[in-house]
Every structure is written in structure tokens, then in C-alpha cells.
Amino acid sequence: MSVDFDRFVLDRSTALLRTAVLLVGDVGHAEDILQTALMKLAARWKSVHTAPEAFVRQVLVNLARDRWRRARRRVREHELTNVDQVTTDHDLAASVANRDAVRRALAKLPARQREVVVLRFFADLSVAETAEALRTSEGTVKAHTSRAVARLRQLLGEQITENAHGY
């Protein structure tokens with residue numbers, strides 16, 4: 001493999017993993033789809049080396065969509081929580097709780113809205129870049145963004161209320 005490919009993987013894999021986690025909502029599955037995306041990139045490096053990140057994002061979105069299609073046919077999995085793990089740092093605990101709340105809220109969005117939010121706000125893509133990655137129009141990206149942000153506000157507001165009441 002080329003030195004450029006190795007450099008790309010070293011420089012961008014953390015950000016791409018974060019995008020994958022937000023797309024699929026699970027670290028293990030995100031690692032799997034990122035590995036698959038990077039393998040596809042390696043196989044096509046000569047033809048896509050000028051825009052490798054856009055290629056990998058497109059593959060991640062497609063793999064996430066494939067995973068959702070397969071997941072609809074399977075019994076739903078539930079994440080195990082470690083009740084023995086206690087943190088003493090209040091700020092760290094609040095940060096983890098906030099990230100978890102956002103991940104849970106993202107998981108409740110329809111797939112297209114989740115994809116738009118992840119690419120626009122977490123991968124920091126423009127409307128045009130997001131439209132290209134999702135193979136849709138900029139107007140569709142804007143509409144999904146508007147609906148998703150409104151729904152996230154509602155979902156996160158509900159979670160804050162539930163946490164305040166101790167539910």
C-alpha cells in the first residue's frame with residue numbers, strides 16, 4: 001500500500017470512527033464498518049486518492065444503511081451497562097451522560113435525518129458536501145436537517161425532564 005494511504009488512515013481514522021459511531025449508534029459496529037470502508041478505499045486507492053475522505057464517508061453511509069436494513073429483520077439487541085463502573089469526577093460524568101443522551105436521541109431519528117445530522121454537525125460537512133455524500137439534493141439535506149434538529153430538541157428536552165424527575 002502507498003505511504004499516502006497510510007498517512008490518510010493515521011490522520012483521519014479517529015474522525016471517521018466518530019462519524020461511523022454516530023451513524024450506527026454502536027462502537028463495535030462502527031469499528032466494523034470503518035474497517036470495511038478502509039478496505040474498500042485501499043482497493044480503489046488509485047482512482048479515489050484525490051478525495052479519499054468523501055469516498056470513505058459515502059461507503060460508511062451505505063454500510064450503515066445496509067446494517068439498518070438487516071437489523072429490521074433481526075431480534076433487537078440491547079447494550080449492556082456496567083453497574084460496577086462509578087466515576088467520581090462530576091464533570092466527566094456529566095459529559096458522558098450528555099454524549100449518551102445525544103446518541104440515544106440520534107438513534108430515535110429516522111435514518112435519513114440521522115445521516116444528515118451526523119454528516120452536517122459531527123463530520124462538519126457543508127450542505128453541498130452532505131448532499132453529495134448522501135446522493136441527494138441540497139434542499140433535501142436542508143429539510144431533513146430542519147426536521148431532525150426540531151426532533152432532537154424535543155427528544156433531548158424530554159430526557160432532561162426525565163432525568164430531573166429521577167425516572
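Just checking, which of Leu34, Leu17 is within 19 Å of Arg67 (Cα to Cα) and surrounded by 20 or more Cβ atoms within 10 Å (Cβ to Cβ)?
Being within 19 Å of Arg67 (Cα to Cα) and surrounded by 20 or more Cβ atoms within 10 Å (Cβ to Cβ) holds for just one of Leu34, Leu17, which is Leu34.
Check off (1) at pLDDT 65 or above; (2) surrounded by 11 or more Cβ atoms within 10 Å (Cβ to Cβ); (3) of a type in the set (Val, Ile, Thr) for Thr87 and give me the number that stays unchecked.
Going through (1) at pLDDT 65 or above; (2) surrounded by 11 or more Cβ atoms within 10 Å (Cβ to Cβ); (3) of a type in the set (Val, Ile, Thr) one by one, Thr87 breaks only (1).
Would you be able to tell me the number of residues in segment 120-143 that are surrounded by 15 or more Cβ atoms within 10 Å (Cβ to Cβ), modelled with pLDDT of 90 or more and under 22 Å from Ala15 (Cβ atoms)?
Within segment 120-143, residues that are surrounded by 15 or more Cβ atoms within 10 Å (Cβ to Cβ), modelled with pLDDT of 90 or more and under 22 Å from Ala15 (Cβ atoms) number 10.
The values are calculated or read from the model by the stated rules, or taken from the named source; none is laboratory data. All values derive from a computational prediction rather than experimental measurement. Virtual Cβ from ideal backbone geometry, glycine too; neighbours counted across all protein chains shown.
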